[in-house]
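The values are calculated or read from the model by the stated rules, or taken from the named source; none is laboratory data. It should be emphasised that the depicted structure is a prediction, and the values quoted were computed from it without experimental measurement. Backbone-built Cβ (ideal geometry, glycine too); neighbour counts: all protein chains shown.
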Amino acid sequence: MSVISTSASAANDVATEAARRRTFAVISHPDAGKSTITEALALHARAINSAGAVHGKGDRRGVVSDWMAMEQQRGISITSAALQFTYRDVVINLVDTPGHADFSEDTYRVLTAVDCAVMLLDAAKGLEPQTLKLFEVCRHRRVPVITFINKWDRPGLEALELLDEVEQRIGLRCTPLTWPVGVAGQFHGVADQRTGEMVAFTRTPGGATAVIEEELPADAAAARYGEDWVRAVEELDLLTATGAVHDSAAFVAAATTPVLFGAAVTNAGVRQLLDVLVDTAPAPAARPDTTGSPRPLDAPFSGFVFKTQANMNPAHRDQVAFVRVCSGRFERGMVVTHAGTGRPFATKYAQQVFGRDRDTIDEAFPGDVVGLVNATALGIGDSLYAAGPAVTFPPLPSFAPEHFVAIRATDSSKFKRFRRGIEQLDGEGVVQVLRSDRRGEQSPVLAAVGPMQFEVATHRLAAEFGVPTAIDHLPYTLARRTDAASAAALNAAPGVEVMTRVRDGELLALFPDKWRLSTVRNRDPDLVLEPLLADAQ
Ligand code: G4P
């Protein structure tokens with residue numbers, strides 16, 4: 001047993017609790033049905049009483065949040081949090097990935113806190129840009145991916161065509177676990193690859209939305225659905241013959257993706273997805289710290305902050321830090337150590353946050369997400385631990401920015417405060433800060449994955465540091481990592497600018513678009529121009 005393990009029975013407890021956790025996120029492009037499937041999953045697990053209670057779009061639009069003024073104006077939540085529910089005695093943590101207008105670096109960072117991802121594809125659209133970018137992060141982190149092809153109740157592409165697209169474009173081997181009976185738009189049910197039987201979906205009479213499931217042996221399915229059943233079986237057989245068979249080890253190693261078909265809006269296929277999460281998705285595993293050695297699950301509490309949310313409650317200055325528990329049992333009220341400063345941090349206010357709901361939580365285990373309130377001292381990537389030797393988890397990666405602005409204080413007498421504020425926002429990971437030789441110190445450049453990060457930055461500079469600012473949008477959409485030897489030639493190319501990322505000292509070459517990048521590269525193939533993480537261009 002590890003020297004830093006807690007007592008034998010407590011350790012057993014932690015191991016058992018960790019083994020019954022599944023922590024995942026949905027990666028998708030806007031409108032593929034993420035909100036709908038989130039509701040359907042929770043509804044299926046009976047965590048909520050009626051669909052629409054989680055955060056359906058209609059619901060989201062009408063809500064007046066009492067958090068940030070900016071949220072109120074926009075009518076959207078910029079909070080990422082976790083929905084927790086129990087299914088078949090397994091605790092499922094669905095960590096929300098902000099999307100739509102609030103797509104930002106936080107969206108990518110969520111993927112550092114999960115053990116698995118569900119890639120949700122619209123049957124009519126296949127792989128879309130945002131899904132590809134999120135997938136790149138999963139690939140980089142070796143997060144196993146389950147594919148759910150949604151909206152099969154609507155006309156769409158052919159099932160084989162969709163699988164082919166995934167294999168060709170992202171090189172992930174598809175191993176279907178269910179196969180649709182009926183083309184997209186005529187969804188009778190799914191054939192279960194493992195049992196050879198059919199699960200038929202029938203719309204409920206009287207306008208209720210969830211389908212009724214009926215299990216049919218193969219001969220009954222053939223009698224009822226004729227050609228559609230025969231075709232489904234033939235296609236599945238074809239795939240099986242080419243080796244497209246689910247293998248747990250290959251999936252957990254992120255080499256293959258189990259595929260399921262469904263229609264979240266009617267709950268069709270959602271139970272099958274939950275079953276795959278329970279039966280196949282990995283439970284939390286020991287996570288390596290900066291020394292490279294995995295921190296045992298049954299070691300005392302440790303975790304890291306993957307997101308912070310400032311000023312959620314305007315009544316008092318408040319910051320919630322979302323922590324992914326990596327080891328041990330977290331108990332509300334315990335005093336933990338902040339690895340960065342060595343200072344104690346009291347966890348009196350620990351919450352589970354989802355949408356606008358906050359519930360106090362008293363304990364949590366590996367895989368769970370805890371929202372720590374009054375956490376102004378905690379920044380993104382910070383590690384916390386409860387006892388024994390210090391534990392530091394590796395820093396979170398920086399992601400490819402696509403939006404760039406030059407920022408300055410409109411009142412030059414406030415420059416010192418401005419500089420402090422910019423440093424703070426950079427440290428917290430709110431934005432990436434770049435410095436360019438062409439621009440003075442007075443006007444740093446902010447880089448972001450989504451433009452809302454700039455709104456958060458300017459809002460916080462004004463509200464917390466008392467510095468009104470002005471921003472000028474810069475005409476760049478693409479960054480590549482370069483080196484000092486290439487910088488001079490790149491700076492001489494029209495429309496290109498090289499800047500230093502303050503956080504890690506990386507040199508980034510900024511381009512207006514991918515065409516400019518390819519012209520520059522074609523002219524001088526020796527230039528160092530490496531893609532950044534989650535760059536799908
Ligand atoms: P998002 O969070 O990924 O952006 O997507 P969201 O769940 O909001 O779904 C986008 C639209 O797709 C919604 O329609 C939703 O009802 C619809 N949708 C989701 N899953 C399915 C499905 O399985 N089948 C069909 N046919 N539609 C689906 P909307 O018209 O934008 O909104 P609403 O008025 O229907 O809520």
Considering only residues that are in a strand (DSSP E or B) and in contact with a Pro (Cβ under 7 Å, 6 or more places away or on another chain), look in the range 254-292 and name the one that is nearest to E165 (Cα to Cα). V259
Restricting to the range 192-239, name every residue that is β-branched (V, I, T), within 32 Å of the chain's Cα centre (by Cα) and within 16 Å of L260 (Cβ to Cβ). V199, V211
Among the residues of the range 287-295, are any touching an Asp or Glu at 6+ places or on another chain (Cβ under 6 Å), within 28 Å of H140 (Cβ to Cβ) and among the charged types (D, E, K, R)? yes
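So that you can scan it fast, the table gives a plain yes or no per residue for (1) part of a helix (DSSP H, G or I); (2) modelled with pLDDT of 95 or more:
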position	(1), (2)
S9	yes, no
E17	yes, yes
T23	no, yes
V26	no, yes
E39	yes, no
A51	no, no
D59	yes, no
Top-ranked residue of the range 261-307 - restricted to ones that are surrounded by fewer than 20 Cβ atoms within 10 Å (Cβ to Cβ) and charged (D, E, K, R), ranked as farthest from the ligand (Cβ to nearest atom): D279
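Please determine whether any residue of the range 97-112 is within 13 Å of the ligand (Cβ to nearest atom), in a helix (DSSP H, G or I), of a type in the set (S, T, Y) and modelled with pLDDT of 65 or more.
Yes - at least one qualifying residue is present in the range 97-112.
Do we find that A409 is at pLDDT 95 or above and within 26 Å of A377 (Cβ to Cβ) in this structure?
Spelling it out, A409 is indeed at pLDDT 95 or above and within 26 Å of A377 (Cβ to Cβ).
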Those residues of the range 492-522 which are without any contact (Cβ under 8 Å) to a residue 12 or more places away in the chain and more than 30 Å from I380 (Cα to Cα), in sequence order: A492, P494, W515, S518, T519, R521, N522
If you scan the range 87-96, which residues turn out to be within 15 Å of the ligand (Cβ to nearest atom) and either part of a loop (DSSP other than H, G, I, E, B) or surrounded by fewer than 22 Cβ atoms within 10 Å (Cβ to Cβ) (or both)? D96
Kindly establish whether A250 is modelled with pLDDT of 95 or more and outside any helix (DSSP H, G or I). no
Could you list, in sequence order, all residues of the range 209-227 that are buried (at least 18 other Cβ atoms within 10 Å of the Cβ) and modelled with pLDDT of 95 or more? L216, A221, Y225
Is it fair to say V528 is more than 19 Å from V430 (Cα to Cα), among the β-branched types (V, I, T) and in contact with an Asp or Glu (Cβ under 9 Å, 6 or more places away or on another chain)? yes
So, restricting to strands (runs of 3 or more DSSP E) that lie completely within the range 324-366, which ones have at least 3 residues that are within 13 Å of L378 (Cα to Cα), more than 24 Å from the chain's Cα centre (by Cα) and modelled with pLDDT of 90 or more? 335-338
